[in-house]
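Quick notes on the structure that follows.
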Amino acid sequence: MLQLRGSTKDFHSDFIGHKMLIISDDSSLPLPLREKYAYILKENIDTNLPDGFGAYISQDASVFSATKQENWFHIPQYMDYMESGDIINFKDDGSIWAIFRSNAKYNTFLLTERCNHYCLMCSQPPKSKEDSWLLGRAMEAIELIPRDTVRMGFSGGEPTIYKEKLIDLVEKCRGYLPQTAIDILSNGRAFSDPEYARLLQKVDHPNCMICIPLYSDVPEIHNYVVQSEDAFDETIQGILNLKALNQKVEIRIVIHQQTIGRLVETCEYISRNLLFVDHVALMGLEITGFTRANLPDLWIDPFEYKDTLSEAVQVLNRNKITNSVYNHQLCTVNPDIMDNYVHSISDWKNEYLDECTKCSRKHECGGFFSSQILYKHSDHIKAFS
């Protein structure tokens, strides 16, 4: 598991607060551009660091022993993944945060830890502390992200707590990254207000998907999972309002003890009442956050529900609803869902068991969340010969 945040072993900086920079190993970068970049030196091959960069980073402390440059950071070994194109946030206390990785297939920006739900399996347990600085970091990063980025996401907490400021973020994405698809993870309830849904529509982003969880066709079950009364009705109304305005919507169903009993019925409900959604994601459980505390009430071995999962996929396929199976291992699902199977776990928290080393299909498999390796995974993991 990659650590995206860390503390430098040693540093020297003259700035106050934070500085967000793009990593570069190009010492010939034109001088007027260098201020926006952090020069990375992975091997001590230069006796003199090039002038003009916003910061300098290396794992080799000797690089900085006699330098006259300001703003240098001796980074720890566990952050050796940093490379040109990454966007790093440097703080004046020596801490660093890799907020965008250029070689990652998908980057997600955390916008807030505040939320009006208290989901049983929340991987990012909500906090009440004011944290709008996270939104500010994302707004700042948008200006630095490569224009050819294919897709990226924004999550929480609940991003819609920012109201119009979230709309401003979507608008900024449209201006700086018009070819980049964006996903916004939301419980959808704010969009039950038709005026708020209309604000999103007015931005006219060409490829913005609102990803909304729906955990059951039975309101009481959904409300119990999210620990909030009236959530089901507002979520459904939010989906209806967004689709009435031709906005893209994905429905997400996390599969666990509380949702598996009506998984097929929930997919039938979607097929009857929400046939117009753009995508449905059927998702395995990440063993982190509240999931660990509530594991006895949530855990079910994916191998045990593989037939139910196949039936749910068949319902969606039969009704021509695009769908995907996320966060599952190949040896725990039936072959009939392979057209819908996606390698979806972010690379920084994606791992495999020793058993997987000898598997002939490891390259096809989505593997595990790091937290599953640590705490709980299927008892039926078996390498393909």
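Every read-out reported here was derived from the displayed coordinates using simple, explicitly stated rules and does not represent laboratory data. Quick caveat, the model's predicted, so the values are computed rather than measured. All Cβ positions, glycine included, derive from the backbone under ideal geometry; neighbour counts span all protein chains shown.
Among VAL150, VAL264, VAL325, which comes first, second and so on when ranked by fewest other beta-carbon atoms within 10 Å?
VAL150, VAL264, VAL325
Picking from ILE212, ILE99, GLN314, whose Cα lies most toward the positive end of the charge dipole for the chain (charges on Cβ: Lys, Arg +1; Asp, Glu -1)?
Highest projection toward the positive end goes to GLN314.
Which of TRP72, TRP299 has the fewest other C-beta atoms within 10 Å, and how do the rest follow up to the most?
Ranking TRP72, TRP299 by Cβ neighbours within 10 Å, fewest first, gives TRP299, TRP72.
Charges only on Cβ, +1 for Lys and Arg, -1 for Asp and Glu: so what's the dipole of the chain about the Cα centre, in debye to the nearest 20?
360 debye
Taking +1 at the Cβ of each Lys and Arg and -1 at the Cβ of each Asp and Glu, which of MET139, ASN116, TYR162 sits farthest along the dipole of segment 57-199 towards its positive end, judged by Cα position relative to the Cα centre?
ASN116
Order these by the 10 Å Cβ neighbour count, fewest first: TYR56, TYR215, TYR81.
Going from sparsest to densest Cβ surroundings: TYR81, TYR56, TYR215.
In this model, which of LYS19/LYS68; LYS36/LYS163; LYS105/LYS382; LYS91/LYS163; LYS105/LYS129 are farther than 25 Å apart at the alpha-carbon?
LYS36/LYS163; LYS105/LYS382; LYS91/LYS163; LYS105/LYS129
When the helices in the chain are scored as -39500 (n - 2.57) per DSSP H run of 4 or longer and the sum is shared across all residues, what 222 nm value do you end up with, to the nearest 500 deg cm²/dmol?
-7000 deg cm²/dmol
Assigning unit charges at the beta carbon (Lys, Arg +1; Asp, Glu -1) and nothing else, what dipole magnitude in debye, to the nearest 20, does segment 1-159 show about its Cα centre?
520 debye
With +1 on each Lys and Arg Cβ and -1 on each Asp and Glu Cβ, how big is the dipole of segment 119-218 about its Cα centre, in debye rounded to the nearest 20?
For this selection, approximately 80 debye.
Defining a contact as two alpha carbons under 8 Å apart and six or more residues distant in sequence, what relative contact order in percent does segment 5-99 show?
42 percent
Evaluate the relative contact order of the chain (contact order divided by residue number), counting alpha-carbon pairs under 8 angstrom at least 6 apart; express in whole percent.
12 percent.
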